[in-house]
Amino acid sequence: MTSERTRQRVIERLFEKGIRDPRVLGCFAKVPRHIFVDEALGHKAYEDTAVPIGYGQTLSQPYIVARMTELVLGARHHERVLEIGTGSGFQTAVLAQVVDEVFSVERIKPLQQKARERLRLLKIYNARLKMDDGFLGWPSQGPYDVILTTAAPEEVPNELIDQLVPDGGRLILPLGTEEQYLTVIERDGDDLHTRRVEPVRFVPMLKGVQNT
């Protein structure tokens, strides 16, 4: 399950699906995906499918993690990244390989605790975690070059737009309810430029926090 050959197969599948950035592909060789799921589901970790992680949340399929990471690296600047929805911590760990600083907000306390343990295990020290309502972002650490959400709001959260750097800040998010699209919003001063990337299916983005 954890062999180099297994991870290489994941990289080959990602390449076939159009992921070309060697920095992104390299993350899937470095970050052991199986430690981000429960042991009973470890056999699914390297399949190109979403894996449940409890509390109604999922670890996104490798392609989606890779695609969103490519979009992060495609921003004008990507040194400081805010992630909304730490979840298992896998996307956080991948981002930490390719950007200077990751700030990650999770609303479900047990998920955040597990993610923190996994990141410590991997000796990832450039990711900071916070438990809070993701709609609020993390304004005290902003502004950010890129913000991405790993759950889908019905509408674009204005609080997140406000925390982007005004010169080329990028918001990456799945947007919508029944019909969702991975969407990129570029901030240019007071102007916003929006483009749809591709249809996706994410869990809904919820307000508030959950301690148990």
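The values are calculated or read from the model by the stated rules, or taken from the named source; none is laboratory data. All figures in this text were calculated on a predicted structure; none of them were measured in a lab. Please note: Cβ atoms are built from the backbone with ideal geometry, for glycine as well, and neighbour counts cover all protein chains shown. Ligands, DNA and RNA are excluded from the accessible area calculation, which covers all protein heavy atoms including side chains. Shrake-Rupley method; radii C 1.70, N 1.55, O 1.52, S 1.80 Å.
Helix-only mean residue ellipticity at 222 nm, the chain, DSSP H runs n ≥ 4 weighted -39,500 (n - 2.57), per residue, nearest 500. What is it? All intermediate terms of the calculation are to be shown ahead of the outcome.
Working: 6 runs with 61 residues, N = 212.
Helix-only estimate at 222 nm: -8500 deg cm²/dmol.
With a probe of 1.4 Å, find how much accessible area the chain has per residue, and write the answer as a whole number in Å². Display every interim value, and only then the final one.
Numbers: 10100 Å² over 212 residues.
With the other protein chains kept in place, the chain gives 48 Å² per residue.
Quick one: what are the phi-derived ³J(HN,Hα) couplings along segment 69-84, Karplus 6.51/-1.76/1.60 with θ = phi - 60°, whole Hz, x for glycine and proline?
Going residue by residue, I get 5, 4, 5, 4, 6, x, 5, 4, 9, 8, 6, 10, 10, 9, 10, 9 Hz, with x marking Gly and Pro.
Above 16 Å lies some portion of the pair distances; for segment 1-92, what is it as a whole percent of all C-alpha pairs? Can you show the working numbers first?
Numbers: 2254 of 4186 pairs.
In whole percent, the long-distance tail amounts to 54.
Provide the packing ranking of 87-95, 166-174, 195-203, i.e. peptides ordered by the mean count of other C-beta atoms within 10 Å per residue, highest first. Could you put the intermediate results ahead of the total?
Numbers: 87-95: 26.4, 166-174: 21.4, 195-203: 14.6.
So the peptides 87-95, 166-174, 195-203, ranked by packing, come out 87-95, 166-174, 195-203.
Non-local amide H neighbours of Tyr144 (under 5 Å, H modeled in plane, Pro and chain starts lacking H): which ones?
Correct list: Leu164, Val165.
Roughly what would the spin-label model give for Thr49 and Leu206, points 7 Å off Cα along C-beta, in nm?
For Thr49 paired with Leu206, the spin-label model returns 2.4 nm.
Tell me which residues come under 5 Å, amide H to amide H, from Arg128 once H is placed; ignore anything under 5 positions away on its chain.
Result for Arg128 returns Val102, Phe103, Ser104.
Provide the per-residue ³J(HN,Hα) series for segment 115-122, in order, calculated from phi with Karplus coefficients 6.51, -1.76, 1.60 and θ = phi - 60°, each as a whole number of Hz, with x at glycine and proline positions.
Each residue of segment 115-122 in turn: 4, 4, 4, 5, 5, 5, 4, 8 Hz.
In whole percent, and with a 1.4 Å probe on the protein chains, what portion of the accessible area of the chain is carbon and sulfur?
Carbon and sulfur atoms account for 48 percent of the accessible area of the chain.
Considering only the other residues whose Cβ falls under 9 Å of the Cβ of Leu175, what net charge follows from Lys and Arg at +1 and Asp and Glu at -1?
Numbers: positive: Arg196; negative: Glu154, Glu155.
Around Leu175, the charge tally is -1.
Total Lys pairs in the chain closer than 16 Å by alpha-carbon, pairs eight or more apart in sequence or interchain only? Please report the intermediate quantities before stating the final value.
Values: Lys30/Lys123; Lys109/Lys130; Lys109/Lys207; Lys114/Lys123; Lys114/Lys130; Lys130/Lys207.
Lysine pairs satisfying the spacing and distance rule in the chain number 6.
Using DSSP to define loop residues, name the GluC sites (Glu not before Pro) in segment 17-80 whose beta-carbon has at most 16 other beta-carbon atoms within 10 Å.
Values: sites: Glu39, Glu47, Glu70, Glu79; in loops: Glu47, Glu79.
In loop regions of segment 17-80 (DSSP not H, G, I, E or B), the sparsely surrounded GluC sites (Glu not before Pro) are Glu47, Glu79.
So what does Arg80 come to for accessible area, using a 1.4 Å probe and Å² rounded to 10?
For Arg80, solvent-accessible area is about 60 Å².
Just grab the label-to-label distance for Arg5 and Asn158, each label 7 Å out from Cα along the Cβ direction, in nm (one decimal).
Simple spin-label model gives 5.7 nm for this pair.
Below 8 Å between Cα atoms, with a sequence gap of 6+, how large is the relative contact order for the chain in percent?
Details: 432 pairs, mean separation 34.1, N = 212.
RCO, the chain: 16 percent.
Multiplying the sequence separation of Lys30 and Glu198 by 0.36 nm and subtracting their Cα-Cα distance, what value in nm do you get? Could the numbers behind the result be given before it?
Numbers: separation 168, 0.36 × 168 = 60.48 nm, distance 2.68 nm.
This chain segment gains 57.8 nm when fully extended.
Determine ³J(HN,Hα), in whole Hz, for all residues of segment 195-204 in sequence, where each value follows from phi through the Karplus function 6.51 cos²θ - 1.76 cosθ + 1.60 and θ = phi - 60°; x replaces Gly and Pro.
Using θ = phi - 60°, the values come out as 9, 7, 9, 6, x, 9, 9, 10, 5, x Hz.
Could you give the C-alpha radius of gyration of the chain expressed as a fraction of 2.2 N^0.38 Å, taking N as the number of residues it contains? Kindly include the intermediate steps, with their values, before the conclusion.
Working: Rg = 15.9 Å, N = 212, 2.2 N^0.38 = 16.8 Å.
Cα-based Rg divided by the globular estimate yields 0.94.
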